[in-house]
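Everything below concerns the one structure shown next.
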Amino acid sequence: MKGQFTRLIIFMTVCVLLIAGITAVTYAVWTTEDGSSTPATTQTGEWEDASYRYLVIKTDVSDGLIRYRQKADGGADFEAFDAGEADVLSATSVTVVGYEGILTTLKIPSSVTVKNSAGESKDLPVTVIATGTVEQYDGLRLIEELSIPSSVTEIAAYSFMFCDSLTKVVFDAGDGTVTLGDKCFYGCVKLTESDVDYGGRTAVKGEFCFG
């Protein structure tokens with residue numbers, strides 16, 4: 001009986017160590033893929049705060065993805081960091097390609113700050129939304145209300161397709177046109193074109209933008 005008890009204790013100890021090891025490796029991989037310069041110890045509780053969310057962006061000179069953390073609707077609590085791109089200073093604009101978060105409202109900023117490994121930074125306007133190109137970021141499925149800045153001139157094809165919680169889209173007031181790609185709001189079952197405020201701009205629509 002004593003031998004069985006000893007073996008049970010050893011078995012349980014091994015299991016605890018294995019679980020702890022797997023958890024540590026998983027967290028380390030997440031931290032590495034995140035690419036953030038913020039120490040991991042300061043990140044552990046951030047998802048407990050529902051006001052944190054991330055836009056996933058890329059510049060017009062690289063396909064490298066940058067995660068841009070926002071807290072307040074009007075900005076970020078720290079600058080966007082470079083995701084392997086060597087020459088961010090030659091970039092002229094930013095495309096939003098994804099969203100990670102749990103809030104039901106999303107206000108996309110008119111500009112973001114990108115920074116290279118040397119600490120040089122540049123403010124870039126957000127001109128295009130192409131979230132449909134990065135399917136792994138599915139936070140948009142939770143969005144009910146979407147605010148788009150006047151700097152955005154194009155909503156690419158399929159960007160918000162099947163965002164079935166979306167009920168309202170508001171473009172900030174501006175001039176000129178905004179291009180809506182094919183099926184950019186297709187499958188948004190709670191959204192009709194009458195729920196979209198173009199902010200005084202003319203919408204140039206592709207095929208099956210709504211439906």
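Just so you know, all these numbers are worked out from the coordinates, no wet-lab data involved. Predicted model, so just to flag it, every value in this text is computed and none were measured. Please note: Cβ atoms are built from the backbone with ideal geometry, for glycine as well, and neighbour counts cover all protein chains shown.
From the square roots a ≥ b ≥ c of the eigenvalues of the alpha-carbon gyration tensor of segment 120-211, which class results: rounded (a/c under 1.5), prolate (a/b over b/c), or oblate? In terms of gyration-tensor shape, oblate.
Amide H contacts of Y99 (H built 1.01 Å from N, in plane; Pro and chain starts excluded): V56, G139, L140 sit under 5 Å, all sequence-distant by 5 or more or on other chains. Taking +1 at the Cβ of each Lys and Arg and -1 at the Cβ of each Asp and Glu, which of F162, G98, V128 sits farthest along the dipole of segment 81-211 towards its positive end, judged by Cα position relative to the Cα centre? About the Cα centre, the residue reaching furthest to the positive side is F162. Backbone amide hydrogens, once placed in the peptide plane, bring K107 within less than 5 Å of S147, excluding anything fewer than 5 places away on its chain. Computed from label points 7 Å out along Cα-Cβ, the spacing between E144 and D63 is 3.8 nm.
I'd like the distance between the alpha-carbon centres of segment 53-132 and segment 185-208, rounded to an integer number of Å. Answer, in whole Å: 25. Taking θ as phi - 60° and the Karplus parameters 6.51, -1.76 and 1.60, the scalar couplings of segment 183-189 work out to 6, 5, 10, 5, x, 7, 5 Hz in sequence order, x denoting glycine and proline.
Here's how it looks for A157: its modeled amide H is under 5 Å from those of G181, D182, which are all 5 or more places away or on a different chain. With each label modelled as a point 7 angstrom along the Cα→C-beta vector, the S165-T104 pair spans 0.8 nm.
How big is the charge dipole of segment 86-211 about its Cα centre, in debye rounded to the nearest 20, if each Lys and Arg gets +1 on its Cβ and each Asp and Glu gets -1 on its Cβ?
Here the size comes out at about 60 debye.
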